[in-house]
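> Right, I'll just put the structure down here and ask away after.
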Amino acid sequence: MKNLVGIDRNKAEKLVVELNVLLADYEIFYQNLRGFHWNIKGKQFFELHEKFEEFYNDAFVKIDEIAERILTLEGEPLHTYTDYLKTTEIEEAKSITDGNKCVEVIVNNFSTLITKERLILSIAADADDEGTVSLMSDYISETEKTLWMLNSYLK
């Protein structure tokens, strides 16, 4: 049996589960970025303060897109921090003020996100879910470039 957008319901349910993990990951990543933006200190303050804001604004958009995709697949997006913390694969970052340490955490967080995005891409392709495939493809391309740049920054 198919849902309203023509995706097999069982496959859509599997996608909803994985998308909710990604949603939880992005929510905690977003909050990590906010903390870095607020608490960064040192000579890299100006460049990193601005970069962290760019990253959290992008994460904010992705959070909404992921939640809306879950709804499109007839699922319910997680929406409490209790659920996010139970579900996420990203650790909370607290009281980090060193720029390089912040960037290292961000690289690790992006690595977690891209791994999840690739898994969802594979599941979505198997379900003939072009909407989710397209979304994940866009995220993966962007994340790959960002990871390259951040790793270059750290060297």
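Every number here is computed from the coordinates shown, using simple stated rules; none is lab data. It should be emphasised that the depicted structure is a prediction, and the values quoted were computed from it without experimental measurement. Methodologically, a virtual Cβ is constructed for each residue, glycine included, from the backbone with ideal geometry; neighbour enumeration extends over all protein chains shown.
> By its C-alpha gyration tensor, with a ≥ b ≥ c as the square roots of the eigenvalues, how is segment 82-155 shaped: rounded for a/c under 1.5, else prolate for a/b larger than b/c, else oblate?
oblate
> Using helices alone, I'd like the mean residue ellipticity at 222 nm for the chain: each DSSP H run of four-plus residues gives -39500 (n - 2.57), total over residue count, nearest 500.
The helix contribution divided over the chain gives -27000 deg cm²/dmol.
> Using a basic spin-label model with each label point 7 Å from the Cα along Cα→Cβ, how many nm lie between residue 104 and residue 126?
My value for the distance between the label points is 3.6 nm.
> On to the next question. Using θ = phi - 60° and the Karplus relation 6.51 cos²θ - 1.76 cosθ + 1.60, list the HN-Hα couplings for segment 30-37 in order, rounded to whole Hz, with x at every Gly or Pro.
Using θ = phi - 60°, the values come out as 4, 5, 4, 4, 4, x, 5, 4 Hz.
> Can I ask one more? Relative to the Cα centre, what is the charge dipole magnitude of segment 9-154, using +1 at the beta carbon of each Lys and Arg, -1 at the beta carbon of each Asp and Glu, and rounding to the nearest 20 debye?
Dipole of segment 9-154, to the nearest 20 debye: 540 debye.
> Of the GluC sites (Glu not before Pro) in segment 1-100, which ones lie in a loop per DSSP and count no more than 15 other C-beta atoms within 10 Å?
Answer in residue order: 74, 89, 91, 92.
> Taking the Cβ-Cβ separation of residue 96 and residue 137 as r and a Förster radius of 35 Å, what is the calculated FRET efficiency to the nearest 0.05?
Calculated value: 0.65.
> Now a separate question. Under 16 Å from the 7 Å Cα→Cβ point of residue 154, by amide nitrogen: which residues of segment 106-136?
Within reach of a label on residue 154: 106-115.
> Return the subset of 11/51; 11/62; 2/86; 41/86; 94/116; 41/94 for which the Cα-Cα distance in this structure is over 26 Å, preserving the input order.
Violating the 26 Å Cα-Cα cut-off are 11/51; 2/86; 41/86.
> For the chain, compute Rg over Rh where Rg is the Cα radius of gyration and Rh is the Kirkwood radius from the inverse mean 1/r over Cα pairs.
The Rg/Rh ratio comes out at 1.01.
> According to the Cα gyration tensor, what semi-axes, each the square root of 5 times an eigenvalue, does the equivalent ellipsoid of segment 38-122 have, listed from largest to smallest in whole Å?
Each semi-axis is the square root of five times an eigenvalue, giving 28, 13, 13 Å.
> About the Cα centre, and with charges only on the beta carbon of Lys, Arg (+1) and Asp, Glu (-1), how big is the dipole of segment 45-103? Nearest 20 debye, please.
Result for segment 45-103 is approximately 200 debye, rounded to the nearest 20.
> For the chain, find the longest principal axis of its Cα atoms and tell me its angle to the long axis of helix 45-72, 0 to 90°, nearest 10.
10
> Follow-up question, since we're still on this one. Using the charge dipole of segment 1-55 (Lys, Arg: +1 at Cβ; Asp, Glu: -1 at Cβ; taken about the Cα centre), state which of 55, 26, 4 has its Cα farthest towards the positive end.
Ranked along the dipole, the leading option is 4.
> Given points 7 Å out from each Cα along the Cα-Cβ axis, report the residue 145 to residue 34 separation in nanometres with one decimal.
It is 2.7 nm.
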